[in-house]
Amino acid sequence: MSQTRLADRHETAPNLGRLPQHLTGIGVALMVLMPLAMWLANRSAPLMLGLAAIPLLAAAIAAGQARGIAGRLRKLLATPPGLALTAFLAWGLVSILWSHKPGASLRAWGELVLPIVFALAIAASGRFRPQPAWLRALALAIILSCLLAIIELASGLSQRAELGIGKLMSFVFNRPAITALVLAVPTIHGLWSLPAARRSDRVLAVVLALAVAALALRSESASARLGVAVCVLCWGVSALWPRLTLTAVGCAFVLAMAIAPVLGVAAQNGLPSLILNRFAVMTGQARIDIWLSFGEVARARPIAGAGFGTSATMHENPVAAEVAPEHRLLLAAGHPHDMPLQTWAETGAIGAGILVLAGLLLLARLRRMPAREMAPRLALFAGAFAISVVGHGAWQGWWIAILGAGILWFGSGADARQGEDHG
């Protein structure tokens, strides 16, 4: 009997041993497919991140690492940036108490929290350690998504019209363009810095950079173009003067957060019409008008804000009565198209202060890295913040999900070296 059990054990052990690898492969494939999913459905990043988290967690459990998941999660949350982010989420939840629509605010809070939870779950699983083959696959997926989007834009979205799917408006590719940029930064860095990197890896990195830039230029997203410009500039300068660039980015970050309540006034008085007229309608004077409207809300509720998630229906909030009549109409814009201003309007100086602290603590962690590792991470921080200052709603799930994915794809230099040794 004991010999039979021993034989059975020998037969099943190899299958059990391969299960974690199979599950890990499924999770990685879902992460690789994220840019293509965003091309097809431009809010799908949270779904892809959540689906990827399930097999990666299952892989860790199947490998007997369930206890390690909790330990890694505690370690992540116990970092200074992790504690600051947790404090902001807690304050956002508390601020729902004075929201004029608590149910809608709670849904907005959940849209922010869920992608963060998914990203933390993937990191805590310990199974997502970017390997060279994974980076190559992601690069190809991003390039393909860029080409597909460019083709659709050039054809006037005729493919979607034939299939009867999607909104037939070219701005639907703004989010895929931003997704491609965010995911391309760690991918380019990973391919270029692989130990004994093949010439083909660096060629692929160059092609990826060109594809992302081409989509940014072809799309309607001024935010994506700004992000590309800031990433390229910051990456190049920080490679030469890392400490100076880090300090400059930190000062710009604090300044942007500090002046958010008067951003509209500053832009209205400081930008000449010659410059404004070069922008599209929604990135020119109309954007400034929105900043003026939400800036009045931020100044009317300077300490605690109007409540998390209230921007979507700010025109219905009692604070609208304290806004000048000529500025009330654009409170119905849905969000102020500026993350610092949305933070002030919804969570006040308390929420803005916590986010400033979180950002500075993150930059302090980057400061301890060698310049080669710090430069691309700082470039992504600066580029993403620049996009958030002029772009979409601050808490939109797709945006939080791709930021989480971008951070995960950086992994570490040790991960890349291990993959090269064993790949």
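A compact table of results
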| read-out | value |
| --- | --- |
| Among the residues listed as Leu30, Leu49, the single one being of a type outside the set (D, E, K, R), under 30 Å from Glu152 (Cβ atoms), crowded, with 19+ Cβ neighbours inside 10 Å and without any contact (Cβ under 8 Å) to a residue 60 or more places away in the chain | Leu30 |
| Helices (runs of 4 or more DSSP H) (entirely within the range 288-407) containing at least 2 residues that are of a type in the set (A, V, I, L, M, F, W, C) | 339-367, 371-390 |
| Candidates Leu181, Leu246 - the one that is in contact (Cβ under 8 Å) with a residue 12 or more places away in the chain, in a helix (DSSP H, G or I) and buried (at least 24 other Cβ atoms within 10 Å of the Cβ) | Leu181 |
| Residue match in the range 79-96 (condition: under 25 Å from Leu30 (Cβ atoms), polar (S, T, N, Q) and surrounded by fewer than 21 Cβ atoms within 10 Å (Cβ to Cβ)) | no |
| Sole residue being touching a residue at least 24 places away in the same chain (Cβ under 8 Å) and farther than 21 Å from Leu355 by Cβ, chosen from Ala119, Ala133 | Ala133 |
| Residues located in the range 283-313, provided they are among the charged types (D, E, K, R) and under 20 Å from Trp91 (Cα atoms) | Arg299, Arg301 |
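Let's see how each residue does on (1) farther than 30 Å from Val212 by Cα; (2) modelled with pLDDT of 95 or more:
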| site | (1), (2) |
| --- | --- |
| Pro81 | no, yes |
| Trp91 | yes, yes |
| Gln131 | no, no |
| Ala141 | no, yes |
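The values are calculated or read from the model by the stated rules, or taken from the named source; none is laboratory data. Please read all numbers here as calculations on a predicted model, not as lab measurements. Cβ coordinates were reconstructed from backbone atoms using ideal geometry, including for glycine residues, and neighbour counts include every protein chain displayed.
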